[in-house]
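To start, the structure itself, in structure tokens.
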Amino acid sequence: MKEGMSLEEVRRHLGMPRNITRAEWRYPDRILLIENQQVACIIRPSCTGKWANCHGYRTRSPECLLP
């Protein structure tokens, strides 16, 4: 998984998650934040809810981002 992947690519690689909203897809080991129908960033599940978007995670909590 990497930033910029389309949602179709994510579905092919990981399948559909059980918990899904317009802004995020939650898997057991990662949360994908979605912007413009693609993966904007990938965060650790333990960091969920800290910030509303990837910009917040990048600037305030970079330790929450997964490579």
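The values are calculated or read from the model by the stated rules, or taken from the named source; none is laboratory data. Quantities reported herein were computed from a predicted structural model and do not represent experimental measurements. A quick note on method: Cβ atoms are made from the backbone with ideal geometry, for glycine too, and the neighbour counts reach across all protein chains shown. All accessible areas refer to the heavy atoms of the entire protein, side chains included, with ligands and DNA or RNA removed. Shrake-Rupley method; radii C 1.70, N 1.55, O 1.52, S 1.80 Å.
Observations, loosely collected:
- Options M16, M1; residue that is open to solvent by 100 Å² or more (accessible area, probe 1.4 Å) and at pLDDT below 90: M16
- Residue pairs whose Cβ atoms lie under 8 Å apart, separated by 6 or more positions or on different chains, with the first residue in the stretch 43-57 and touching a residue at least 12 places away in the same chain (Cβ under 8 Å) and the second among the aromatic types (F, W, Y) and part of a loop (DSSP other than H, G, I, E, B), are Y57/W51.
- Selection within the stretch 19-52 - basic (K, R) and surrounded by fewer than 14 Cβ atoms within 10 Å (Cβ to Cβ): R22, K50
- Taking the stretch 53-67 as the range and being of a type in the set (S, T, N, Q) and open to solvent by less than 70 Å² (accessible area, probe 1.4 Å) as the test, the residues that pass are N53, S61.
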